[in-house]
Amino acid sequence: MRVSTLSHIIILTHDVPSGKVSGKNAASTAGGGFSPVDAQALSSDTLTPAETPTTSNSLGLDIEANDVGYIATVQMGTPPRDFKVLMDSGSADLWVGAEKCQSVDGSSCVSSSLDSCSPPQLTHLH
Amino acid sequence: MFLGPQSSSSFVDTQTPFNVTYGLGSVNGSIIKDDLVVAGLPLPGHTFGVASKETDNFVTNQFDGIMGVAQSSLSEQRTLTPVESLAEAGSIKDAIVSFKLSRLADQTNDGEVTFGGLDQSKFDPNTLVTLQNVNKEGFWEAAIDAVSANGTNLNLAGRTAILDTGTTLLIVPLADAQAIHKAIPGAQQDKNTFVLPCTTTTSLALKFGGRDFSIDPRDLAFAPLDPNNPTGTCVSGISAGNVGGPNEWLAGDVFLKNAYFSTNVGANTIQLAQLT
């Protein structure tokens, strides 16, 4: 059964305890096992910034953790400010957190249980 | 980072609610208009959303939101994506968006998204294939000609794959996941997930447009069960799930790191090429 947009499975294994990370930041090779740089990024949920793009009309894609997601920086509002957005070819909506999302408890956007929401038109359910 | 009238003088709330449900959570919010700049290209008064309620998995410091670039027929907000808007505004010639997803372990950090075309420096033009989008709802979906492991055909015919940068793993129907993992020495099944040796050297290839795109074996070893044992047993980057039809796959980053990936709304086509 398909949900109204795509079933994304962004897996962040937050429960993984920090492992020992030894060795230099050398590129790994196939057959060598899980690389130290991946291990570090996974345990710390690191965002690894991209190099400057090599062509026009382009944005670098920062790497979330061990290749869990890919994030670009765009500007919104006046004055323009940087917002980081997960680039998603499997959905078609753009959103960022609302200001009032922040003010409810003074910290970052509150989590909620799944709201019962009635979108105006369900077009994608099978 | 949050967006609203206090931080932006050009912010306009249309007061229309929206809700997007993803596989692992959902967001509720309001449809708004504000100035957007993407890769230096302006979209003044662009229509998009701000979320006032998000489920747990979106409460993160790694990103502030999501930019969907599938076709806008899929949009819950019922509005054009930035790619389509840029094309409509004439800022880019065609509603094309292209991706190079970088593998952290390669230490090149050269991931890139390009609006309006392809970055020729990222792929071998001799290997470019153009595929018809077989999805009718606005996802990007292509027919898989064949699936092989270390060159041996696994005889999984008639499969299609939704190509989704916003999904981490490669998700396939259970029977296919079992067939694939049978071809990976040391792999074992645990309900809908699989494990395999972190040191696997098996290369799985998906053939699109007559060309094989091989998945680097490192991408099959998604994460170790024991972080202190990186050469032990790893969670497989391929897991079982029902995406839609019985032959429908969801090819996320595990596959897409292994190809240059481009989509064209106007032509309704997908292009893949070997990365250089």
| segment B:32-42, subset in a strand (DSSP E or B) and surrounded by fewer than 22 Cβ atoms within 10 Å (Cβ to Cβ), residue farthest from the other protein chains (Cβ to nearest Cβ) | B:LYS33
| Within segment B:52-74, can one find any residue that is more than 18 Å from the chain's Cα centre (by Cα), under 15 Å from A:TRP95 (Cα atoms), at the interface with chain A (Cβ under 8 Å from one of its Cβ atoms) and of a type in the set (A, V, I, L, M)? | yes
| request: Pull up segment B:177-200, narrow it to residues that are surrounded by 19 or more Cβ atoms within 10 Å (Cβ to Cβ) and away from every other protein chain (no Cβ under 11 Å), then point me to the one that is nearest to A:SER28 (Cα to Cα). | output: B:LEU196
| field | Whichever residue in segment B:59-95 is acidic (Asp, Glu) and touching a strand residue (DSSP E or B) at 6+ places or on another chain (Cβ under 7 Å) and, among such residues, is nearest to B:SER30 (Cα to Cα) | value | B:GLU76
| task | Have a look at B:ARG78, B:ARG103 and point out the one that is on the phi > 0 side of the Ramachandran plot and charged (D, E, K, R). | result | B:ARG78
| request: Give the residues of segment B:5-31 that are of a type in the set (A, V, I, L, M) and within 7 Å of chain A (Cβ to nearest Cβ), sorted by residue number. | output: B:VAL20, B:LEU24, B:VAL27
| message | For the condition surrounded by 15 or more Cβ atoms within 10 Å (Cβ to Cβ), at the interface with chain B (Cβ under 7 Å from one of its Cβ atoms) and modelled with pLDDT under 85, what is the one hit in A:GLY60, A:GLY31, A:GLY19? | response | A:GLY19
| request: Output yes when any residue across segment B:103-110 is farther than 20 Å from A:THR55 by Cα and among the basic types (Lys, Arg), and no when none is. | output: no
| So, in segment B:1-27, of the ones that are touching a Pro at 6+ places or on another chain (Cβ under 8 Å) and surrounded by 22 or more Cβ atoms within 10 Å (Cβ to Cβ), which residue ends up nearest to B:ASP164 (Cα to Cα)? | B:ASN19
| request: Enumerate the pairs (first residue in segment B:94-105 and within 8 Å of chain A (Cβ to nearest Cβ); second residue anywhere and basic (Lys, Arg)) with beta-carbon separation below 6 Å, excluding pairs fewer than 6 apart on the same chain, so at least 6 apart or on different chains. | output: B:LYS100/B:LYS122; B:LEU101/B:LYS257; B:ARG103/B:LYS257; B:ALA105/B:ARG218
| request: Working only within segment B:225-260, note down all residues that are at pLDDT 95 or above, crowded, with 22+ Cβ neighbours inside 10 Å and part of a loop (DSSP other than H, G, I, E, B). | output: B:PRO230, B:GLY237, B:GLY252, B:LYS257, B:ASN258, B:ALA259
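The values are calculated or read from the model by the stated rules, or taken from the named source; none is laboratory data. As the structure is a prediction and not an experimental result, all values here were calculated from the model. Using ideal geometry, Cβ is built from the backbone for each residue, glycine included, and neighbour counts are taken over all protein chains shown.
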